[in-house]
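Before any comments, here is the structure.
The values are calculated or read from the model by the stated rules, or taken from the named source; none is laboratory data. As the structure is a prediction and not an experimental result, all values here were calculated from the model. As a convention, Cβ positions derive from the backbone with ideal geometry for all residues, glycine included, and neighbour counts pool all protein chains shown.
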Amino acid sequence: MSSRHHDIADDLRHQITTGRIKPGERLPSEAGLADRYKVSTVTLRSALAVLQAEGLVEKIHGKGNFVRRPLRKTMYVGGWGTLDPWTAADAALRVTVRSTTVQADGHLTTLLNVPTGCPLAEFCCISHEGESPHALARIYVPRDLAPAGVLDDESSCWEAVTRFAVLGPPPAAVRETVSARPPTPDEATTLRTNSAAAVLAITRVATDSTGRVVEAALLVFPGDRVEAVFTTHHVTDERQTQG
């Protein structure tokens with residue numbers, strides 16, 4: 001026998017999939033739904049949790065529960081952290097930026113190969129489509145390499161953010177480490193994703209011709225909202241071409 005919260009989830013799911021409740025529409029309050037179904041708010045929230053885990057409903061803090069609009073996927077193009085041109089040019093995709101100066105410690109000292117206390121420019125970037133977050137990026141650049149003025153004027157970071165990379169000369173080498181893992185509690189909250197759903201995490205380190213790290217980026221994408229494309233180029237040995 002199915003439990004009561006599954007019965008409620010089934011009923012709400014049917015209303016959503018048949019269009020009785022439209023994408024983007026706010027559901028009645030949790031208290032109102034609990035009263036309608038004659039259950040406790042605990043049981044009602046368990047039913048909503050089922051729909052949230054399925055990606056049909058999302059809870060926006062301070063606003064309520066909404067039917068999630070169908071989300072197209074962001075395409076991340078590996079190598080220098082660009083979004084595909086169609087995605088980057090889409091006016092529906094907006095990016096918010098917070099920039100500051102931090103002191104390197106712990107993991108950052110290893111990632112950027114700098115001493116503890118080294119000043120770094122940090123860019124925390126979140127991309128959204130409507131109310132739904134698509135990606136979280138934390139980008140670190142040695143303070144002396146940060147483009148002039150970007151820490152004083154966030155609007156100047158717009159181009160950098162749509163690339164998920166800070167503007168500057170192309171690096172000599174880019175190393176990307178990709179993994180699928182559960183989100184941290186902060187990531188799950190920021191990206192409004194289920195804590196049991198996997199995210200795609202990319203750690204990208206760019207170096208110049210001298211081997212100096214010029215940028216390190218920690219990128220996190222909800223697994224159901226991204227496609228990552230990596231292209232490798234075959235390098236022909238010059239001795240073979242001259243033979």
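Determine, yes or no, whether residue 165 is touching a Lys or Arg at 6+ places or on another chain (Cβ under 9 Å), within 19 Å of residue 96 (Cα to Cα) and at pLDDT below 80.
yes
Identify the residue in the stretch 18-42 that is among the basic types (Lys, Arg) and not in a helix (DSSP H, G or I) and, among all such residues, is farthest from residue 60 (Cα to Cα).
Across the stretch 18-42, the extreme among qualifying residues is 38.
Take residue 195 and decide whether it is among the hydroxyl-bearing types (Ser, Thr, Tyr), modelled with pLDDT under 90 and either in a strand (DSSP E or B) or in contact with a strand residue (DSSP E or B) (Cβ under 9 Å, 6 or more places away or on another chain) (or both).
Against the criterion (among the hydroxyl-bearing types (Ser, Thr, Tyr), modelled with pLDDT under 90 and either in a strand (DSSP E or B) or in contact with a strand residue (DSSP E or B) (Cβ under 9 Å, 6 or more places away or on another chain) (or both)), residue 195 does not qualify.
Got a sec? Which of 34, 47, 53 is out of contact with any Pro (no Cβ under 9 Å at 6 or more places or on another chain), within 22 Å of residue 224 (Cα to Cα), crowded, with 17+ Cβ neighbours inside 10 Å and among the small types (Gly, Ala, Ser)?
47
Of all residues in the stretch 40-58, count the ones that are at pLDDT below 90 and of a type in the set (D, E, K, R).
2
State yes or no: is residue 110 in a loop (DSSP other than H, G, I, E, B), modelled with pLDDT of 90 or more and over 17 Å from the mean Cα position of the chain (by Cα)?
Taking the combined requirement at face value, the residue does not satisfy it.
Residue 172 versus (1) within 20 Å of the chain's Cα centre (by Cα); (2) modelled with pLDDT of 85 or more: which is the lone unmet condition?
The failed condition is (1).
Would you point out the residue of the stretch 176-192, among those that are in a strand (DSSP E or B), of a type outside the set (A, V, I, L, M) and surrounded by 12 or more Cβ atoms within 10 Å (Cβ to Cβ), that is nearest to the chain's Cα centre (by Cα)?
Among those that are in a strand (DSSP E or B), of a type outside the set (A, V, I, L, M) and surrounded by 12 or more Cβ atoms within 10 Å (Cβ to Cβ), it is 181.
Checking the conditions here, which among 127, 99, 155 is at pLDDT below 85, hydroxyl-bearing (Ser, Thr, Tyr) and buried (at least 17 other Cβ atoms within 10 Å of the Cβ)?
127
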